[in-house]
Amino acid sequence: MLLLNPGPVTLSEKVRNALTQEDLCHREPEFAQLTLDLKQRLLHIYPEIASSYDAVLLTGSGTCAVEAMLASFIPPQGKALVVANGVYGDRLAAMIKAHGKPLEIITSPWQEAINCAAVERCLQQDRTITHLVTVHHETTTGRLNNLALLGQLASQFNIPLLLDGVSSFGVEKIDFSAWNIAAVAATANKCLHGVPGLSFVLAKSTLFQTQTSAANSLYLDLYRYQKAQITGYSPFTQAVQVYYGLQAALQELEAAGGWLARQKSYTKLAQKIRQGLQQQGVKLLLPESDYSCALTSFMLPPYLSYFQLHKSLKKAGFIIYAGQGNFQDKIFRIANMGNIQIEDIAKLLDCCSSLFKN
Ligand SMILES: *Cc1c(COP(=O)(O)O)cnc(C)c1O
C-alpha cells in the first residue's frame with residue numbers, strides 16, 4: 001500500500017530495517033548517545049540555527065510537540081495571538097484555551113490566506129499580546145502560509161513567533177531569524193520520513209537559559225526534557241525503536257542533499273500530480289502557487305463521492321485523504337510525503353484516468 005495521506009508516510013527499506021536494531025534501555029548511555037545524535041541532526045537540517053537553538057525530543061505525535069511548545073512558552077500572564085486558516089490553526093487556539101491561557105484568534109476562511117492586515121491592526125491596538133502563533137503549511141488545504149509577511153510583523157513588533165511546522169519541516173524554507181521564530185514544533189513521520197511516535201520542538205536556547213517553564217503540565221513540560229536531554233537522557237520512557245527509525249531517515253535526508261534537495265523532489269512529484277489530475281478534468285481548490293510542495297487539495301467532481309474515489313484507489317494500492325470539516329464532501333487531498341517515486345505517481349494517474357470524466 002502506498003500512503004498518499006499527510007503522515008504517517010510510506011517508509012523506505014532502510015528506515016523499516018532500522019527498527020530491528022538491538023533493544024535499548026532509555027536510562028543507558030547508548031540511548032543517550034542516540035538522543036544526542038538525533039538532536040544534532042535535527043538542528044543541522046537548517047544549519048543556520050544549529051548553534052543558537054535547542055532540540056527537544058518527545059515521544060508522541062506532532063500534536064504532542066505543538067501542545068508542549070504552547071504550554072511551556074506562553075506564560076499564564078501572557079497573551080497569544082493565533083492566526084488561523086484551517087483545522088490545525090483552530091487546534092492551536094483550542095490547545096491554548098485548554099491550558100487556560102489568554103488568547104485572541106484571527107481566522108480566515110479555509111481557502112483564503114492568513115489575514116496579516118488584521119494581525120497588524122491587532123498588534124497596534126493590543127499591546128498585551130506576547131506571542132504570535134500560527135501554522136506554516138496548513139494541511140487542511142495544502143496552503144503554505146505566507147510567513148514572510150507575518151514574520152515581518154513579528155519582527156517589527158518584537159513578538160516571538162511559535163510555529164506549527166509539523167507538515168513543512170524538512171521541505172520548506174523556514175527563515176528563523178527574519179520571522180522572529182522562538183520555537184517550531186514538528187514530527188518524525190511527515191516530511192522527515194520517520195516512523196510515527198516521535199515529535200520535537202526546536203527552540204531558541206536563550207528561552208531555556210533566561211526563562212522558566214510556563215507549563216501547567218508535568219508531561220508536556222519542555223524545560224524538563226531539555227534539561228535532561230543536555231546529556232541525552234529523558235525524564236520518561238521514550239519510543240526507542242522510533243528513535244532508530246528517525247536516525248535512519250535523517251541519514252537518508254542528509255545523503256540525498258538535505259531539505260532543499262527534498263523540496264525539489266517533492267515539487268516534481270506534486271507538479272506531476274497536479275498536472276495529471278488537471279488534465280483529467282479535476283480542479284484545484286487553491287491557486288497552484290499557493291500550495292506547499294507536500295500536498296494538494298482537489299475539488300471532488302459532482303459525479304464522484306469521496307467514498308467511491310477512496311475505495312477504488314485503495315483497491316489499486318493507494319491511500320488518499322479526505323477533506324475535513326466543511327470540506328469533507330467538497331475536496332480530496334493527495335500528499336506526496338514519504339518514500340514515493342515518480343513512477344508511483346504515474347501509476348496513480350493511470351488508475352485515476354478511469355475514475356474521472358475528462
Ligand atoms: C499532521 C499535523 C499535525 C499533528 O498531527 P498528529 O496527528 O498529532 O501527528 C499538526 N499540525 C499540522 C499542520 C499537521 O499537518
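Remarks
- Number of positions in region 94-104 that are open to solvent by 10 Å² or more (accessible area, probe 1.4 Å) and either among the hydrophobic types (A, V, I, L, M, F, W, C) or more than 26 Å from Leu220 (Cα to Cα) (or both): 4
- Test for Leu144: is it among the hydrophobic types (A, V, I, L, M, F, W, C), more than 16 Å from the ligand (Cβ to nearest atom) and open to solvent by 10 Å² or more (accessible area, probe 1.4 Å): no
- Residue match in region 234-243 (condition: touching a Pro at 6+ places or on another chain (Cβ under 9 Å), away from the ligand (no atom under 15 Å from the Cβ) and modelled with pLDDT of 95 or more): no
- Within region 12-31, the set of residues being part of a loop (DSSP other than H, G, I, E, B), open to solvent by 30 Å² or more (accessible area, probe 1.4 Å) and either within 16 Å of the ligand (Cβ to nearest atom) or polar (S, T, N, Q) (or both) comprises Thr20, Gln21.
- Residue, surrounded by the fewest Cβ atoms within 10 Å (Cβ to Cβ), within region 270-288, restricted to residues that are in contact with a Cys (Cβ under 8 Å, 6 or more places away or on another chain) and part of a helix (DSSP H, G or I): Gly276
- Test result for Arg91, within 11 Å of the ligand (Cβ to nearest atom), at pLDDT 95 or above and open to solvent by 20 Å² or more (accessible area, probe 1.4 Å): yes
- Region 147-187, subset within 22 Å of Ala335 (Cα to Cα) and among the polar types (S, T, N, Q), residue nearest to the ligand (Cβ to nearest atom): Ser167
- Complete set of residues in region 289-335 that are out of contact with any strand residue (DSSP E or B) (no Cβ under 8 Å at 6 or more places or on another chain) and open to solvent by 60 Å² or more (accessible area, probe 1.4 Å): Ser289, Pro302, Tyr303, Phe307, Gln308, Lys311, Lys314, Lys315, Asn326, Asp329
- Within region 229-249, restricting attention to residues that are closer than 19 Å to Gln40 by Cβ and open to solvent by 30 Å² or more (accessible area, probe 1.4 Å), the residue that is nearest to the chain's Cα centre (by Cα) is Gln247.
- Residue list for region 228-245, filter: free of Cβ contacts under 8 Å to residues at least 12 places away in the same chain and either outside any helix (DSSP H, G or I) or of a type in the set (D, E, K, R) (or both): Ile230, Pro235
- Long-range neighbours under 6 Å by Cβ, at least six apart or interchain, first residue of a type outside the set (Gly, Ala, Ser) within region 132-143, second in a strand (DSSP E or B) and near the ligand (Cβ under 7 Å from one of its atoms): Val135/Asp164
- Set Thr134, Thr107, Thr128: member being within 20 Å of the chain's Cα centre (by Cα) and open to solvent by 50 Å² or more (accessible area, probe 1.4 Å): Thr107
- Only one of Ile334, Ile345 that is outside any loop (DSSP other than H, G, I, E, B) and closer than 26 Å to Asp90 by Cα: Ile334
Yes/no per residue for (1) part of a helix (DSSP H, G or I); (2) surrounded by fewer than 24 Cβ atoms within 10 Å (Cβ to Cβ):
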{"position": "Ile159", "(1), (2)": "no, yes"}
{"position": "Gly170", "(1), (2)": "no, no"}
{"position": "Ala182", "(1), (2)": "no, yes"}
{"position": "Phe208", "(1), (2)": "yes, yes"}
{"position": "Ala214", "(1), (2)": "no, yes"}
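- Filter result (part of a strand (DSSP E or B) and touching a residue at least 40 places away in the same chain (Cβ under 8 Å)) within region 312-331: Phe318, Ile319, Tyr321, Ile331
- Pairs are defined by a Cβ separation below 6 Å, a sequence spacing of at least 6 or placement on different chains, a first member in region 97-117 that is within 17 Å of His131 (Cβ to Cβ), and a second member that is charged (D, E, K, R); the pairs so defined are Pro102/Lys79.
- Lone qualifier among Gly89, Gly7 - being touching a residue at least 12 places away in the same chain (Cβ under 8 Å), of a type in the set (Gly, Ala, Ser), part of a helix (DSSP H, G or I) and closer than 23 Å to Lys173 by Cα: Gly89
The values are calculated or read from the model by the stated rules, or taken from the named source; none is laboratory data. None of these values were measured; they are calculated from a predicted model. Neighbour counts run over all protein chains shown; Cβ positions are idealised from the backbone, glycine included. The accessibility values were calculated without ligands, DNA or RNA, using every heavy atom of the protein model including side chains. Shrake-Rupley method; radii C 1.70, N 1.55, O 1.52, S 1.80 Å.
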